[in-house]
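The block underneath contains the structure these notes are about, expressed in structure tokens.
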Amino acid sequence: MSDLCDEREAAFATAGLGSEAAAEVTAGDAAAGWAPDAPLIAHRTTWQEVWTRLRRDRFALVGLAAIILLVVIAVFAPWIAPHDPTAQFDEGLTMRGMPVGPSGQFPLGTDTLGRDLLSRLIYGARVSLVIGVLANGFALVLGVVFGLTAGYFRGWVETLLMRATDVMMAFPIYLFAVALVSVLRPSLGILVLVIGIVYWTPMTRVIHGEVLSIREKEFVDAARLTGCTSVRILYRHILPHLVAPIIVYTSLGIATTILFESTLSYIGLGVQPPTPSWGQMISEGQAYYLSAPHLVLYPGLMIMITVLAFNLVGDGLRDAFDPQQRRR
Amino acid sequence: MSGAVSGAVSGAVGGAGSGVSAPAARATADVATSPTGGDALIAVEGLSVHFPITSGIIFRHKVGAVRAVDDVSFDVRKGETLGLVGESGCGKSTTGRAILQLVRPTTGRVLYDGADLAHLGGGALRRQRRRMQMIFQDPYASLNSRMTVADIVGEPLKVHGLRDRSGCKERVRELLQTVGINPNTLNRYPHEFSGGQRQRIGIARALAVEPNFIVCDEPISALDVSIRAQIINLLQQLQREFGLTYLFIAHDLSVVRHISDRVAVMYLGRIVELADNAVLYGEPMHPYTQALLSAVPIPDPEAEERRRPVVLQGDVPSPADPPPGCHFHTRCPAAQTGLCDLESPSLAEVRPGHWAACHLITAEDYPHIRAGEDDLAVVADGPPDAWPGDTRSDHSGDGAALDGPAGGGTPPASGGEQA
């Protein structure tokens, strides 16, 4: 920070000479006059800089740790989970058919069918993460490609893409998803596809709007003048300015997507039982929320932690991608 | 100070002479348009840029057009600085952008060294872009805030494959040195620089491809007054050093006077007058130019007291619906009904090297508007000999008219800004 201040002062010193004196300053003199001892900052790649800035953000680091933990849990589920998540245990139900509470055998208790809740939570992370990340990634790619193309090239391409987006948005998304899933037979891959198709439209709108304003900026004209191709302009000059909306939208989208999956699971069109997913666990447990609140509490908590973690990291990344953040 | 500064101008001109070669042509396109001398680097012929006004959501249809630039012809000679002045919205920036093909001309040709740019596309145009660059008005908007200085200045080198990786870095340092930026700052971001420094970086980017022709689109209007003179001097120094040709767009009349060899005045999409710097400022012929110049404050209290500006009535008409005939007739103090509001005057060479688009200048009973040093007033029905041609032409040189004693090298700081 301090070297920045020094530069500013030096700049002001030059500027403060007054018009007549300043007019005498030739280009060469100005070079000597302005911050002659400005230190050379080593060249770093964008990702190095992003990491440097992200490292200072405690909340983002916590979020990142949580995500890494979740990923580890999901990947190593068979080794971590104490039981088979689909196995129904006789001792997992009381004599009257109620789920049992926490015990040595079932650390978080069991669900209504006598299955180990902890194991189901651990395996549920797989579905939720895969859906959250892949479906969002799919929506993101579609949204960015369509939004960039429509916003930059304008003309009939824009009309076509944006009107198609409007048509898509006019559909009731649940009805649309239900129709698609029921025709295509539910599976994880189909779910990712369907959720992606449903969620690309708002992303396209957001990106399109941003591109419309950025393409009119003078630095884009300057890039065109230096002989950049359209692809280079889009990639090097416009896309970096879209990082903030993309990250914010994606981190919010991951939450929405996980919940969307649970909704689909609830009506039986999501992940098919007995494969566990958090959303499905909530919908199965909600009938018992008074007598066995842990059935909804734990999966709900997991969704919340996941969503929060992605939001924290998203927030941190958005700031870290902005070079106008203080350099330390 | 003024010595160094005006030396820069004449040095750059290299004796381009006072208007021997004609500007491109008159309004009608069928007239021979090639300039007489072989020294025109850029020839603009019948350039028009119309922005369509559209309506409808799915099926867009044109309901009108904003005639930002309307049939403009001129040329820019090798090594000169052609000033282009006019009010906001008169189309001067659009003209500059159309020359560089940032905005595609609706009609007309832009010849660079004899080759038409308006019909070049894709790769051919990208290759030509090495020859022409632009310095932008807003140094905050014209540099990509997410790129380092090295990336910004080095990008043209990469795009055109002018240097390899290590040569690129070396060249960037060299360019930064040239424009007066400490080369050690090359890995910094634009927001770490002041406005003047950013403008220098923009200039370095423009120089990277070693262009011959640079459009300076109001390069100093967004800068602090104290920085302006530095940038102007830098531009002049670079012109001398690299033999650059400038199209200098500005609304600040004193800056244009300082830097230009010839000056073109635009009004509502058309060029109304074009002449050598000294001639235009000394003996403006077009009523609009006269009014424009009379509005410049004189940095001398006594002269300023005597200055009587020609205050134009009304507003600039909308370029979407320009008035018929001469675009200026709605506000012209000397307009004649039946002539000016019907027929559009073409840019004609009134005197050698002095072009103006006004019916009344060539008419016998020209009601003169005298642009005197002391009394700049409209003499509505004055006798023909009231035209100060004889007396004025004697000292048509520098400092004769509006800027008063401080004339020659008035820095923009004290010259004031003309809206």
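A short reminder: the numbers here are calculations on the coordinates, not readings from a lab. These figures come from a predicted structure and were not determined experimentally. Every residue, glycine among them, receives a Cβ derived from its backbone with ideal geometry; neighbour counts consider all protein chains shown.
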5 angstrom amide H check on B:V66, placed H, neighbours 5+ away = B:F51, B:I53
Which whole number gives the average count of other chain Cβ atoms within 10 Å of the Cβ atoms across peptide B:137-145?
-> 5
On a C-alpha basis, how far is the centre of the range B:287-326 from the centre of the range A:53-93 in Å? Whole number, if you could?
-> 75
According to a simple spin-label model (label point 7 Å from Cα along Cα-to-Cβ), what is the distance in nm between B:E174 and A:Y266?
-> 6.8
Within the range B:77-105, whose backbone N sits under 20 Å from a point 7 Å along Cα→Cβ of B:A124?
-> B:98-105
The long-range amide H neighbours of B:M266, using H built 1.01 Å from N in the peptide plane and a cut-off of under 5 Å, are B:V85, B:G86, B:V272
Tensor-based shape of the range B:81-210 (alpha-carbon gyration tensor, a/c under 1.5 rounded, otherwise prolate or oblate) = oblate
Efficiency of FRET from Cβ geometry, B:S221 and B:R163, R₀ 25 Å, rounded to 0.05 | 0.15
Residues meeting the amide H criterion for B:F248 (H placed from the backbone, H to H distance under 5 Å, 5 or more places apart or on another chain) are B:L82, B:G83, B:L84, B:C216
Under the definition of partner shielding as Cβ atoms of other protein chains within 10 Å of a residue Cβ, what is the mean value for peptide A:157-165?
-> 1
Once the other residues with Cβ under 14 Å from the Cβ of A:H208 are scored (Lys, Arg +1; Asp, Glu -1), what is the net sum?
-> 0
Rounded to a whole number of µm²/s, how large is the Stokes-Einstein D of the range A:46-320 at 4 °C and 1.567 mPa s, given Rh as the Kirkwood radius over C-alpha pairs?
-> 63
Expressed in angstrom and rounded, the centroid-to-centroid distance over alpha carbons for the range A:193-260 and the range B:81-149 is 27
Under the 7 Å Cα-to-Cβ spin-label approximation, A:Y235 and B:I53 lie apart by a distance in nanometres of 4.2
Taking A:W200, B:W355, A:W156 and counting other C-beta atoms within 10 Å, the order from fewest to most | A:W156, A:W200, B:W355
Cα long-axis angle, helix A:243-266 against chain A (0 to 90 degrees, to the nearest 10) = 10
For the range A:189-195, in residue order, the Karplus 3J(HN,Hα) values (coefficients 6.51, -1.76, 1.60; θ = phi - 60°; whole Hz; Gly and Pro = x) are x, 5, 4, 4, 4, 5, 5
Any lysines with Cα under 23 Å of the B:K169 Cα? List them, leaving off those in the same chain fewer than 8 positions away.
-> B:K158
Residue-averaged 222 nm ellipticity for chain A, from DSSP H runs of 4+ at -39500 (n - 2.57), nearest 500 = -21000 deg cm²/dmol
Whole-Hz ³J(HN,Hα) from phi, Karplus 6.51 cos²θ - 1.76 cosθ + 1.60, for the range B:327-339, glycine and proline x | 4, 8, 5, 5, 10, 6, x, 10, 4, 10, 5, x, 10
Neighbouring Cβ atoms within 10 Å as the yardstick, rank B:K62, B:K158 fewest first.
-> B:K62, B:K158
Efficiency of FRET between A:S291 and A:V145 - r from beta-carbon atoms, R0 51 angstrom, step 0.05 | 0.55
Virtual spin-label span in nm between B:V311 and A:Q324, 7 Å along Cα→Cβ = 4.1
Modelled label reach - A:F153, point 7 Å along Cα→Cβ, the range A:211-247 residues with backbone N closer than 19 Å | A:211-216, A:224, A:228-239
Expressed as a whole number, the average count of other chain Cβ atoms within 10 Å around the Cβ atoms of B:225-235 is 6
Nearest-0.05 FRET efficiency for A:S103 and A:I41, computed from C-beta distance (R0 51 Å) | 0.30
